[in-house]
Amino acid sequence: MSLEKTMTLARTMSLETTQAITKTLSQVPVPPLPEWINRLMAGSNQYGANAFDRSFIVLGLTMYMVGLVMVASSSIPVAERLFNNPFHFVIRHGIYIGLSLAVAGVALQIPMSWWHKNSSYLLGFAIVLLVTVLLIGRSVNGSTRWIVLGPITVQAAEPAKLFFFCYLSAYLVRRREQVMENLKGFIKPLIVFGVMAALLLLQPDLGTVIVMFVTTFGLLFLAGAKLWQFIAMALVGATSLGMLAYFEPYRWRRVTSFLDPWQDPFGSGYQLTQSLMAYGRGEVLGQGLGNSIQKLEYLPEAHTDFVMAVLAEEFGFVGISVVLLLSMTLVYKALILGRYALAKEKYFEGFLAYSIGIWMCFQAAVNIGASAGIVPTKGLTMPLISYGGSSMIIMTLALVLLIRIDHEIRLQSIQATSSKRATKKELKSITKQNGDK
């Protein structure tokens, strides 16, 4: 046999062998990929066929329970002295949680289109609340922030934040190109913010103004405004906040006492030094539930603005880390939801989810930072944990809006998938009928 015939025979045998092996391998059942890999490859954050993301509810209820336990632990001494009932604040906090769940049940039935359509009316209602509190509001510790409605007190600044973010999200849907292209579109929402900030400063409530400013700043950045506009906005904002602090004696005392609270530990630095003692006593694992000393009326506002200091004393670094992890997870999911909503061209829902995520993140950071001496004291509650009915209800409403956004996106995806399947079935039916003919 010649060399050429030998090589031809070898190539033929090799080809036949390869085909046989390929045929054999094709008949071997291949195990399916894990579901999480399929989701990752699909580039979607829609997990399964659930109507909504249940992890939002798990996170919210977990933070409710942590807050209820810590309010119970930190408020008993002061409740015993003021009301001769050690469970006064615990009972009220439980009622607030019940009201929050009732509001959540109603809000879940409201479509996001309603919030979009009525965003201007909600903004008007927020401004009316801020004016009303200045006229007939109740003053506590020199601040007029609460409207008394029988046994209920409403802190007007809390709904004002959420309703302003609804308005800002709707504005960015209508005027996004103007925001990105010219100064006029960028300035308009800042004028509205300036009006609300002026009303808040008359209470006075600088903390809420800072939260709204940072959220507005972040949302305009995500909407695509130009870099020079942000630099100018940051400079103006920082200068204004500095002037507001410098020309108001009590605010300036807070700033200076924050820088060195031990300089006057029984005066302007008293609250922060007591809070730092609580953090120091907590160490890694804490002193145990109920074993805080600072809550025995050494630390003022232990169950409201400084509840995290008591948590740090009783559960230590581990307890603070768990709460931070819960808050970070909730914020992360809100931001991811916002990105996914924008990808699905649901712009109002996307911007609103972004604003809620930024708002919760910054407010939690300021609350924990103030109690740990990282930032000046601002009187902001810890979302879903601190005592306070208005804050609890509004934060729950914000969480419900995230759930509703997630639900509508999933519903849209399910409807689109069903429509595609129906179209494929119709095409197959038509093809079959044409083939029969």
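Just to be sure before I move on: is ILE97 in a loop (DSSP other than H, G, I, E, B), touching a helix residue (DSSP H, G or I) at 6+ places or on another chain (Cβ under 9 Å), surrounded by 13 or more Cβ atoms within 10 Å (Cβ to Cβ) and among the β-branched types (Val, Ile, Thr) in the structure I sent?
no
Run down TYR270, TYR246 and say which single residue is more than 26 Å from VAL214 (Cβ to Cβ), of a type outside the set (Val, Ile, Thr) and out of contact with any Gly (no Cβ under 7 Å at 6 or more places or on another chain).
Result of the check over TYR270, TYR246: TYR270.
If I ask for residues that are more than 28 Å from the chain's Cα centre (by Cα) and part of a loop (DSSP other than H, G, I, E, B), which ones from the range 278-294 would you list?
GLU283, GLN287, GLY288, GLY290, ASN291, SER292, ILE293, GLN294
Output the number of residues of the range 244-273 satisfying the condition of being closer than 16 Å to LYS378 by Cα and in a helix (DSSP H, G or I).
So the answer is 19.
Output the residues belonging to the range 111-150 that are closer than 30 Å to LEU411 by Cα and assigned to a loop (DSSP other than H, G, I, E, B).
Selection gives PRO111, ASN118.
Mind checking whether some residue in the range 158-173 is modelled with pLDDT of 90 or more, hydrophobic (A, V, I, L, M, F, W, C) and touching a His at 6+ places or on another chain (Cβ under 9 Å)?
Yes, the range 158-173 contains at least one residue that is modelled with pLDDT of 90 or more, hydrophobic (A, V, I, L, M, F, W, C) and touching a His at 6+ places or on another chain (Cβ under 9 Å).
Could you tell me which of the residues LEU82, LEU122 is in contact with a helix residue (DSSP H, G or I) (Cβ under 8 Å, 6 or more places away or on another chain) and either surrounded by 15 or more Cβ atoms within 10 Å (Cβ to Cβ) or closer than 14 Å to LEU397 by Cβ (or both)?
Of LEU82, LEU122, the one residue that is in contact with a helix residue (DSSP H, G or I) (Cβ under 8 Å, 6 or more places away or on another chain) and either surrounded by 15 or more Cβ atoms within 10 Å (Cβ to Cβ) or closer than 14 Å to LEU397 by Cβ (or both) is LEU122.
Among (1) crowded, with 22+ Cβ neighbours inside 10 Å; (2) not in a helix (DSSP H, G or I), there is one condition GLU313 misses while meeting the rest; what is its number?
(2)
Please give the number of the condition ASP53 fails out of (1) on the phi > 0 side of the Ramachandran plot; (2) of a type outside the set (Ser, Thr, Tyr); (3) under 18 Å from the mean Cα position of the chain (by Cα).
Failed condition: (1).
Among the acidic types (Asp, Glu) and surrounded by fewer than 20 Cβ atoms within 10 Å (Cβ to Cβ) - does that describe any residue in the range 280-299?
Yes - at least one qualifying residue is present in the range 280-299.
Would you pick out the residues in the range 236-273 that are surrounded by 14 or more Cβ atoms within 10 Å (Cβ to Cβ), at pLDDT 80 or above and hydrophobic (A, V, I, L, M, F, W, C)?
Scanning the range 236-273 gives a single hit, LEU272.
Within the range 77-94, which residues are touching a residue at least 12 places away in the same chain (Cβ under 8 Å) and either assigned to a helix (DSSP H, G or I) or β-branched (Val, Ile, Thr) (or both)?
Matches in the range 77-94: PRO77, VAL78, ARG81, HIS88, PHE89, VAL90, ARG92, HIS93, GLY94.
Within the group GLY207, GLY218, which residue is small (Gly, Ala, Ser), part of a helix (DSSP H, G or I) and more than 27 Å from SER139 (Cβ to Cβ)?
GLY218
Listed residues GLU158, GLU181; which is among the acidic types (Asp, Glu) and without any contact (Cβ under 8 Å) to a residue 12 or more places away in the chain?
GLU181
Inspect the range 212-230 for any residue being surrounded by 14 or more Cβ atoms within 10 Å (Cβ to Cβ), within 20 Å of ALA372 (Cβ to Cβ) and touching a residue at least 60 places away in the same chain (Cβ under 8 Å) and give the result as yes or no.
The answer is yes, given that some residue of the range 212-230 is surrounded by 14 or more Cβ atoms within 10 Å (Cβ to Cβ), within 20 Å of ALA372 (Cβ to Cβ) and touching a residue at least 60 places away in the same chain (Cβ under 8 Å).
From the residues in the range 284-314 that are modelled with pLDDT under 90 and of a type in the set (Asp, Glu), which one is nearest to ILE385 (Cα to Cα)?
ASP305
Out of curiosity, is ALA102 surrounded by 14 or more Cβ atoms within 10 Å (Cβ to Cβ) and either modelled with pLDDT under 90 or not charged (D, E, K, R) (or both)?
Here the answer is no, as ALA102 does not meet what is asked.
The values are calculated or read from the model by the stated rules, or taken from the named source; none is laboratory data. Source: prediction; values computed, not measured. Here the Cβ is made from the backbone with ideal geometry for all residues, glycine too, and neighbour counts use every protein chain on show.
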